[in-house]
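J.: Before I ask anything, here is the structure I am working with.
The values are calculated or read from the model by the stated rules, or taken from the named source; none is laboratory data. Computed from a prediction, not measured in an experiment: that's the story for all the values here. Quick reminder, even Gly has a Cβ in these numbers, built from the backbone with ideal geometry, and neighbours come from all protein chains shown.
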Number of protein chains: 2
Amino acid sequence: MKAERQTTYRIAQKQHQQALRQGVLDDASNLLMKEGPAALSMRRIAKLVGCSTMTLYTLFGNKQGVVDQLYLRGFELLRQALESVPHTGAPLDYVWALCYAYRQFAMDNSSYYAIMFANPVPEYTPPEASRQTGEKGFILLVQAVQGCRVVSPITQAESWDIARMIWATLHGHVSLALAKHFDEVTLPASLLERSLKTIFDTLLVDEESAV
Amino acid sequence: MKAERQTTYRIAQKQHQQALRQGVLDDASNLLMKEGPAALSMRRIAKLVGCSTMTLYTLFGNKQGVVDQLYLRGFELLRQALESVPHTGAPLDYVWALCYAYRQFAMDNSSYYAIMFANPVPEYTPPEASRQTGEKGFILLVQAVQGCRVVSPITQAESWDIARMIWATLHGHVSLALAKHFDEVTLPASLLERSLKTIFDTLLVDEESAV
DNA sequence: TATTAGCAATAACATCGTTATATAAAAACC
DNA sequence: GGTTTTTATATAACGATGTTATTGCTAATA
């Protein structure tokens, strides 16, 4: 092993590699969106990119590394979707809008959602670090929850718990709908709304006991 | 093609085949429980059974056929778990007990649960018929829901909807816990209880508006 | 008894993730 | 500038996967 000095060339090379990685991930993302998680094979990706499979291994280590990037990208897309929700109007309406955005993201990007929460790629199980990174996007929901009650404010831990309950409700409905365990397409939406409403009415109404 | 008469031999042969199928499925079930869905390969199953892979194809058609039987068996096990819940005491306590049994089943049989609701075997997607057969087990929950309100009874459709909401809540928490998106083991239990309680208090209390 | 139908074992095919080998290219060094 | 060393990529191979074609054997039927 050499000392591998930080020459300008090495830096440029690193940047070039980063660009390569992004390009590869763009192609892999297209493959994922168009043909689903089962189509994600190293050979398919390499053929799509126009390189050898060996390149993928030097860039990402193994298939785990490739899918892990897609996993993180999925959570990043979700975070962006939630972040683009305008929080005008009442705080509770903002929570509603976040929930709708979550459901919309899951429906529009079901393959990404599968990688994030189902386990469609046998070779991949998300590492602890990636899971924690992905969950960072939920701070938006936690903050939105916390903003709902100003008269009887919620503790940090409690708002996390409420956000988790909302998340579980969202995921439950969305996941069962994607697995086609809910017959129609429009039906789970109304069910989801009713389920969320029970949570909101019980836990997010301000000045309930306190005045 | 011959007319294939229903001789006693043929009948015995069919029964023998059924016994064989059950034995194969028992072995496959053990493999699933011990090593997870990724270990479910035709060669592994055949080696475990002590037969050739070709036998599996004559018995089940293809891997889809094998996993489909495990899928149905999973729902059957869940149904049995729910059916073994004693419904003594208040109707609402029975609903609570069903929910606990559901959660317990999912935790104890996570590999089965994955096959039923995640998509861990790329070669298998549940057919419509199997999905409908599996969902039959939820009649227990629907009936339990319907039994909760006698003063202000619920319509059949409404009790189905409420059961679906409970189911989605259960699945949301259980699924996120299995995917390790909920940090601790005991935490999601209390969260699940709170989520369920909001639903029960809102939708399952009798004589709420009517007296 | 002779024939025929069906089942199962073996081997093969295509594909998968991964790796060893070899070749080309570029950086490092003198 | 020439030489060496390191790096990167392509090719081919290995083991394992689902599936199928081929072959041989067993048993019911005529």
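J.: List every residue pair whose Cβ atoms lie under 9 Å apart, where the two residues are 6 or more positions apart in sequence or sit on different chains, the first residue falls within region A:140-159 and is without any contact (Cβ under 8 Å) to a residue 40 or more places away in the chain, and the second residue, located anywhere, is in a helix (DSSP H, G or I) and β-branched (V, I, T).
T.: Within 9 Å, the pairs are A:V142/A:I162; A:Q146/A:I162; A:I154/A:V145; A:I154/A:I162; A:Q156/A:V142; A:E158/A:V145; A:S159/A:V142; A:S159/A:V145.
J.: Identify all residues within region A:120-140 that are within 10 Å of chain B (Cβ to nearest Cβ) and over 14 Å from the mean Cα position of the chain (by Cα); write none if there are none.
T.: Those that are within 10 Å of chain B (Cβ to nearest Cβ) and over 14 Å from the mean Cα position of the chain (by Cα): A:P120, A:V121, A:P122, A:E123, A:T125, A:E128.
J.: It is to be established whether one or more residues within region A:141-148 are buried (at least 18 other Cβ atoms within 10 Å of the Cβ), within 17 Å of the chain's Cα centre (by Cα) and within 12 Å of chain B (Cβ to nearest Cβ).
T.: no
J.: Here is a further query. List the helices (runs of 4 or more DSSP H) that sit entirely inside region A:88-158 and contain at least 1 residues that are charged (D, E, K, R).
T.: Output list reads A:91-108, A:128-135.
J.: Of the residues in region B:18-63, how many are near DNA strand D (Cβ under 8 Å from one of its atoms), within 14 Å of chain A (Cβ to nearest Cβ) and either touching a residue at least 40 places away in the same chain (Cβ under 8 Å) or of a type in the set (K, R) (or both)?
T.: 3
J.: If you don't mind, another one. Which one of B:D206, B:D183 is more than 11 Å from chain A (Cβ to nearest Cβ), assigned to a loop (DSSP other than H, G, I, E, B), surrounded by fewer than 20 Cβ atoms within 10 Å (Cβ to Cβ) and not aliphatic (A, V, I, L, M)?
T.: B:D206
J.: Looking at A:A114, is it within 23 Å of B:A114 (Cβ to Cβ) and more than 8 Å from chain B (Cβ to nearest Cβ)?
T.: So A:A114 fails the test.
J.: If a residue must be of a type outside the set (S, T, Y) and more than 14 Å from chain B (Cβ to nearest Cβ), how many such residues does region A:149-180 contain?
T.: Residues meeting the conditions: 5.
J.: Still on this model: Within region A:60-81, does at least one residue satisfy the condition of being at pLDDT below 95 and part of a helix (DSSP H, G or I)?
T.: No: region A:60-81 contains no residue that is at pLDDT below 95 and part of a helix (DSSP H, G or I).
J.: Return the residue satisfying two criteria in turn: it lies in region A:64-103 and is under 10 Å from the mean Cα position of the chain (by Cα) and aromatic (F, W, Y), and of such residues it is nearest to DNA strand D (Cβ to nearest atom).
T.: Step by step, filter region A:64-103, then rank; the result is A:Y71.
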